[in-house]
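Step one of this worksheet: look at the structure below.
The values are calculated or read from the model by the stated rules, or taken from the named source; none is laboratory data. Keep in mind it's a predicted model, so treat the numbers as computed, not measured. Cβ: placed from backbone, ideal geometry, glycine included. Neighbour counts: every protein chain shown. Only protein heavy atoms, including side chains, enter the accessible area calculation; ligands, DNA and RNA are left aside. Shrake-Rupley method; radii C 1.70, N 1.55, O 1.52, S 1.80 Å.
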Amino acid sequence: MSETMLAMLSNIRTVEDMVAAFRDEERCRRLLESMVWPNGRVCPACGYKRSTAIAGRDMGKRRARPGLYQCSSGDCRFQFTVTTHTPLHATKLPLRTWLKAMWLLLQSDKGLSSVRLAETLGVSQPTAWRIGHALRLMVAREHMLDGTVEVDHFYLGGRARKDPDDPPPGRGRKGQVKTEKTPVMAIVQRPTDITPGSSAGDARAAVVTGLSLRAAIRAVATQVELRAHLMSDEAKAFVAIGESFAAHETVNHSSSEYVRDTVHVNSAEGFNARVRRTIAGVFHHISPELADLYLHEIGFRWSQRVVTGQAVRKTRSGKESKKILWSRVPPALQLQQVFRAATGRQMRRSHSGGITIKSAVAVFG
Ligand SMILES: [Zn+2]
């Protein structure tokens with residue numbers, strides 16, 4: 001990204017700054033280009049790194065619009081804009097509306113409901129709902145977690161079944177799906193450093209309905225490097241998968257053991273609590289089919305924090321414990337992280353006004 005664009009984003013602190021920065025459509029397009037293509041333009045169809053601007057060129061009935069490029073590869077010749085093959089593909093909304101919406105969503109502490117976003121932006125609620133999902137799709141992350149990684153299993157929307165190895169009740173019985181508890185697996189990478197300025201680790205969670213605990217753990221374990229140091233509670237299924245990793249330590253929750261020196265799953269439990277608070281406080285109800293998208297957003301928000309210091313707290317027993325203090329990355333700077341994984345992720349408006357995810361994987365990023 002160019003120095004001037006970065007400086008411009010760094011200067012956005014208040015709503016007023018943001019509205020001023022995102023007022024001009026042409027400027028928003030250039031900003032978006034520098035975020036989607038931080039290392040220069042890439043053809044979204046073939047990944048070729050050379051293309052030419054064809055704005056103003058005669059295209060028969062009309063002239064090519066600003067921001068239209070053509071791939072220079074002789075085999076491809078694909079014509080594209082910065083939004084092609086992203087969740088903004090073929091959007092009818094101005095880019096300035098998109099940028100404002102993304103900033104507002106990221107600026108809020110836990111997210112905004114589509115009703116609130118619609119009111120603030122002056123768009124319809126279904127449009128705001130789709131904007132929110134575009135953000136959620138772009139902030140999904142694919143790289144492997146490493147270092148010390150905590151794994152945890154929890155349920156959304158109610159208490160857990162007695163034995164998590166039992167198959168979920170009511171499987172295949174459609175009428176019950178909405179009231180069912182949704183099983184979730186979470187993995188959280190501990191921050192490598194807790195000196196001021198260090199970033200929080202990545203956190204991911206996924207709905208694992210219909211999977212046994214063992215299969216669910218295997219599914220998330222594919223996102224963790226084998227050299228990682230795994231931390232979990234003592235469930236048998238965790239112990240089994242833990243053998244594949246360089247190290248695995250467990251805390252014995254059933255005997256009220258929660259922390260043994262560095263062996264704990266406090267980060268994962270903190271993330272779990274954040275997921276619950278966000279869903280209860282902001283989204284109220286999320287459909288199981290789209291739950292993973294909300295979890296992408298919550299995981300991304302978790303990662304967009306930096307350490308500001310440590311506070312010493314006294315526990316009830318008089319023991320001192322250190323608590324890490326965090327601040328959030330300014331929303332305008334988070335935008336860079338959002339758009340750098342935009343190409344390849346595609347959703348379309350469905351006939352019923354909802355969304356269809358066409359592709360959830362970023363390409364050429
Ligand atoms: Zn191409």
Stokes-Einstein, Kirkwood over Cα pairs, the chain, 4 °C, 1.567 mPa s; D in µm²/s equals 58
Sorted by packing (mean other beta-carbon atoms within 10 Å per residue), highest first, where do 98-105, 139-146 land? 98-105, 139-146
Within a Cβ distance under 12 Å of Thr343, other residues only, what is the Lys/Arg minus Asp/Glu net charge? +2
How much of the accessible area of region 19-112, probe 1.4 Å, is carbon plus sulfur, in whole percent? 46
Calculate one ³J(HN,Hα) per residue across region 149-154 by plugging θ = phi - 60° into the Karplus curve 6.51 cos²θ - 1.76 cosθ + 1.60, and present them in order as whole Hz with x for glycine and proline. 10, 9, 10, 8, 10, 8
How large a share of the accessible area of region 245-365, in percent, is made up of carbon and sulfur atoms when the probe is 1.4 Å and the other protein chains stay in place? 50
Find the accessible area per residue for region 27-151; the probe is 1.4 Å, ligands and nucleic acids are left out, and the unit is Å². 45
Would you list, by chain and number, the aspartates and glutamates whose Cα falls below 18 Å from the Cα of Lys314, excluding same-chain residues fewer than 8 positions away? Asp261
Each residue of region 197-204 in order: what ³J(HN,Hα) in whole Hz does its phi give by Karplus 6.51 cos²θ - 1.76 cosθ + 1.60, θ = phi - 60°, with x for Gly and Pro? x, 6, 8, 5, x, 6, 9, 9
Taking amide H positions as placed in the peptide plane 1.01 Å from N, state which residues far from Thr148 in sequence (5 or more) or on other chains have amide H under 5 Å from it. Arg190, His229
Using only Cα atoms, tell me the angle between helix 291-303 and the longest principal axis of the chain; keep it within 0 to 90° and round to the nearest 10. 90
Karplus (6.51, -1.76, 1.60) ³J(HN,Hα), θ = phi - 60°, over region 17-24, in Hz, Gly and Pro reported as x: 4, 5, 4, 5, 5, 9, 8, 9
Any idea what angle helix 266-278 forms with the longest principal axis of the chain, computed on alpha-carbon atoms, 0 to 90 degrees, nearest 10? 60
Ignoring ligands, DNA and RNA, what accessible area per residue does region 243-323 give at 1.4 Å, in Å²? 56
Mind listing the long-range amide H neighbours of Phe78? Cut-off is under 5 Å, sequence gap 5 or more, other chains count too, H placed in the peptide plane at 1.01 Å from N. Cys71
